[in-house]
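A short write-up of the structure that comes next.
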Amino acid sequence: MSKKKQATASRISDQYRREPRFVMTWKRLRTNVGAIIGLIILIVIILSMLYSFFFISYQDITKMNGKNKYAPPSWEHPFGTDEMGRDLFKRCVYGSRYSVAIAFGAVGFGLVIGVFFGSISGYFGGIVDMVIMRLTDIISSIPGTLLGMVIVTILGANLLNLLIAVGVSCIAGFIRLSRASVLTVRSNEYVEAAKAIGMSEFRIIFTQVLPNSISPLIVSATARMGTSVLAAAGLSFLGFGVAVPNPEWGALISGSRNHLTYAPHLCYFPGLCIMALAFACALLGDGLRDALDPKLNK
Amino acid sequence: MLRYSAIRILLLIPIIICVTFIIYWLVDLAPGTVVDTMINEDMTEEDIAALYARYDLDKPMIVRYGKYMWGLLHGDLGSSQISGLTVWSQFSSRWPNTLWLALFSVILGTVVAIPLGIFAAKHAGSIWDNLTTAFTMIGISMPSFWLGLMLLIWFAGKLKIFPAAYDGTWRAFVLPVFANGFAMIAGICRQTRSAILEVSRADFLRTARAKGVPERQVTYRHELGNAWIPIITQIGALIGITLGGSAVIEAVYSWPGVGYMLVEAIQRRDSVLACGTVILNCIIHAVVLLAVDLIYAAVDPRIKSAYIGKKKKRKVTA
């Protein structure tokens, strides 16, 4: 029995060795209904963003129509019109670019900086580790919203600065996470082997350690995309975001506050857009966690 | 454990020094100064220069920071540069509103989320579990300020059940507590579900069931008892964040709390008020985190023994 088991085991491991991890993950992700729903929502949002690049001009979304103010949703204007008679649907579709940029840009920014410092900290240990971790403690003891507000105030209210502001508040989390996963990988034999054949330390980090500790980072980054969208919308809502004439979703909600009693649709739809994007990221993050979690490899 | 707490509190000092420096410096870097709104056209050059001198704006930032820290060393958080009131009086008059809002929302979140999370974990994989998961997913992806506005439109605007802004009565609490607590329900519920699932395969549960412990007791004492740590971590983090004031919720409901006060302080470049609020928030946050750490030891004897056995353990350096 044991021989048979061994034979099966070696066959399976052979098969898996040839199959790239990406394919394996995708196969498992495919069976997760939630993740697929999230992926579809995300693709729809990205496609509508691409559509807006080519077919919705800035003139379209700022064109005023004094005769058609506060129109409720109709076939002609699916989301209704705002206080200047502008079509809210077009504004929301146009505004998707800001939130998608935040979702990918802010998290990417945080990820690059966080992983760089986190892996250095985890790999080298000692005094480097201590300095980086103490700095991380300090950054993370400043509330994210506050840091975001201050950064936007200094740099000015536009998309790039909002992106940096939201990205900075993810750095501490990514430093901790990548440090922890590097620590668990560092003591493996293959890292020792890489050292033995004389690889440089940075090469070991980037070719041996990081690829093997990347799963939790992917999961956390995807989930973080959703919270970043929410954080950016919150900052825009408070007036620390993309400046007013631009239809950022949070700013649209903020602008609707003066018209809540007679035009609530101005508040409903941008909120639903934010929710859809954050929901998609959360679902996808959950699905990825299940697909990448080695504990579930039954 | 007392020693541990004392060390934790002392470690706050360098953090506060760094954080105040960062905030002071960043607010200073921001274009515009606190006197901008005070200058009008009738002022002469000398008046303006005098105004600058009054706020030490003619001196380098490090001098102002030094003065501020010197005051702080003597327990003086300074006075708001705009209203002239002391930071402490402004903070302490508004903080109770934030405190109650935060506590009620966390209580709402905990009371609803833990049974819901246990329920979902007990029925893992069933339709009820999927529905709960969908609900929590919506909860964590719904912007709280949007939910707040929706509640305003329906319950304050159309149905007129609850007031739209703070009026000091309990009715004013209902909408903001719900808007604030909804995301917490979702977050704590997810954490509870996964923590319960994590322990659900443990051997001691089988033992308990085998010796005939009622299922209810297995769930609440054996299972939940071993799943507390991540749940408490989550609740503690939420309390820590909300005690600093939820700026967006306070903005939606014109709530006289500290969160929106901080927003206004930054908008007006009132660096003293901003720094003071941040310092007090940091202290509150750290105390909450410390309390969470001590609660760990209270709920989990394994952690308690780790505190006591700490001195004997030595790190082996590679």
TODO: Among residues belonging to segment B:140-166 that are facing chain A (nearest Cβ under 7 Å) and of a type in the set (Gly, Ala, Ser), point out the one that is nearest to A:Leu266 (Cα to Cα).
DONE: B:Gly157
Task: Residues that are in contact (Cβ under 8 Å) with a residue 12 or more places away in the chain and of a type in the set (Val, Ile, Thr), drawn from segment A:135-149 - done: A:Thr136, A:Ile139, A:Thr145
TODO: Determine which member of the set B:Ala195, B:Ala210, B:Ala237 is within 14 Å of chain A (Cβ to nearest Cβ) and among the hydrophobic types (A, V, I, L, M, F, W, C).
DONE: B:Ala237
Open item on the list: Every residue in segment A:225-257 that is of a type outside the set (A, V, I, L, M, F, W, C), crowded, with 24+ Cβ neighbours inside 10 Å and within 15 Å of the chain's Cα centre (by Cα), please.
Closed with: A:Gly226, A:Ser228
TODO: Please identify the pairs in which a residue from segment B:269-294 that is acidic (Asp, Glu) has its Cβ atom under 6 Å from the Cβ atom of a residue that is surrounded by fewer than 20 Cβ atoms within 10 Å (Cβ to Cβ), counting only partners at least 6 apart or on another chain.
DONE: B:Asp270/B:Ile82
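Among B:Ile161, B:Ile140, B:Ile196, which is closer than 30 Å to B:Tyr260 by Cβ, assigned by TED's automatic domain parsing to the domain that holds B:Gly117 and assigned to a helix (DSSP H, G or I)?
On inspection, the qualifying residue turns out to be B:Ile140.
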Open item on the list: Given the criteria modelled with pLDDT of 85 or more and either farther than 30 Å from A:Val128 by Cα or among the β-branched types (Val, Ile, Thr) (or both), does A:Ile253 qualify?
Closed with: yes
Task: Index of the failed condition, A:Gly114 passing every other in (1) away from chain B (no Cβ under 12 Å); (2) of a type outside the set (Ser, Thr, Tyr); (3) surrounded by fewer than 22 Cβ atoms within 10 Å (Cβ to Cβ) - done: (3)
Task: Members of segment A:258-293 found to be facing chain B (nearest Cβ under 7 Å) and surrounded by fewer than 19 Cβ atoms within 10 Å (Cβ to Cβ), listed by number - done: A:Leu260, A:Thr261
Open item on the list: Looking at segment B:275-289, can you tell me whether even one residue there is of a type in the set (Val, Ile, Thr), closer than 20 Å to A:Leu146 by Cβ and crowded, with 23+ Cβ neighbours inside 10 Å?
Closed with: yes
TODO: From (1) within 14 Å of another protein chain (Cβ to nearest Cβ); (2) loosely packed, with under 15 Cβ neighbours inside 10 Å; (3) within 21 Å of A:Gly250 (Cα to Cα), pick out the condition that doesn't hold for A:Arg134.
DONE: (3)
Open item on the list: What's the total number of residues in segment A:175-191 that are over 15 Å from A:Glu201 (Cα atoms), surrounded by 19 or more Cβ atoms within 10 Å (Cβ to Cβ) and not basic (Lys, Arg)?
Closed with: 4
Task: Among the residues listed as A:Leu183, A:Leu146, A:Leu111, A:Leu135, the single one being part of a helix (DSSP H, G or I) and under 16 Å from the mean Cα position of the chain (by Cα) - done: A:Leu111
TODO: Being hydrophobic (A, V, I, L, M, F, W, C) and within 19 Å of A:Gly167 (Cβ to Cβ) is the filter; apply it to segment A:90-109 and report the residue that is surrounded by the fewest Cβ atoms within 10 Å (Cβ to Cβ).
DONE: A:Phe104
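The values are calculated or read from the model by the stated rules, or taken from the named source; none is laboratory data. What you see is a predicted model, and the numbers here were worked out from it, not measured in a lab. Virtual Cβ from ideal backbone geometry, glycine too; neighbours counted across all protein chains shown.
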